[in-house]
């Protein structure tokens, strides 16, 4: 199984860089990365469709408006991910970009059946290269949640 782990975000906008930080944390912790591609998707949105086309499973990290306390982590899989993205298209540049990527991938028939989004509620979005304390504290939880999803996917595929 070819798995794409994609971090979305902008490291110059404070907590909007959480997706990239979580991607790096998971990559550092992953002992067996066979079949896994880790990619910094920045804020590229639908232009990432080429990477998605090459994977069997997609795991995305991003800052997300969870309507929760800053630093709250939530995971959405399969149709739950699609519904979350569809309901929150306009909340930020990145959510809109990810929703656009989903729309293009669905139209092209390349949206993987195995897909998940691990998001964190931002506290501060603005010019800063530093994550807020609650979001910085949540990066390990994001990596843990993603690691659990990847382990399950690999088990199910075996």
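All of the numbers you see were taken from the coordinates with simple rules; none came from a lab. Everything numeric here is computed off the predicted structure, so don't read it as measured data. Backbone-built Cβ (ideal geometry, glycine too); neighbour counts: all protein chains shown.
What shape does segment 1-64 have by the C-alpha gyration tensor, where a ≥ b ≥ c are the square roots of the eigenvalues, rounded means a/c under 1.5, and otherwise prolate means a/b greater than b/c and oblate the rest?
Judged from the Cα gyration tensor, segment 1-64 comes out oblate (a/c at least 1.5, b/c at or above a/b).
Using a Förster radius of 25 Å, what is the FRET efficiency between residue 34 and residue 129 based on their Cβ-Cβ separation? Nearest 0.05, please.
Efficiency at R0 = 25 Å is approximately 0.15.
Mind ranking 139-145, 105-111 by how tightly packed they are, going by the mean number of other C-beta atoms within 10 angstrom, highest first?
The densest-packed peptide leads the list: 139-145, 105-111.
Using 0.36 nm per residue, how much length does the chain from residue 137 to residue 157 gain when fully extended, once their Cα-Cα distance is taken away?
Result: 4.0 nm gained on full extension.
How would you classify segment 3-157 from its alpha-carbon gyration tensor, with a ≥ b ≥ c the square roots of the eigenvalues: rounded for a/c under 1.5, else prolate if a/b is greater than b/c, otherwise oblate?
Details: a/c = 1.60, a/b = 1.21, b/c = 1.33.
Cα axes put segment 3-157 in the oblate bin.
For every helix of n ≥ 4 consecutive DSSP H residues, a contribution of -39,500 (n - 2.57) applies; sum these over the chain, divide by its total residues, and give [θ] at 222 nm rounded to the nearest 500 deg cm²/dmol.
Taking each H run of at least 4 residues, the total per residue is -13500 deg cm²/dmol.
With a/c under 1.5 counting as rounded, go ahead and sort segment 107-158 into rounded, prolate or oblate using the C-alpha gyration tensor (a ≥ b ≥ c being the square roots of the eigenvalues; past the cut-off, prolate if a/b is larger than b/c, else oblate).
Details: a/c = 4.37, a/b = 1.72, b/c = 2.53.
Verdict is oblate for segment 107-158.
Quick check: residue separation of residue 113 and residue 68 times 0.36 nm, minus the Cα distance between them. What number comes out in nm?
Value of the extension gain: 13.4 nm.
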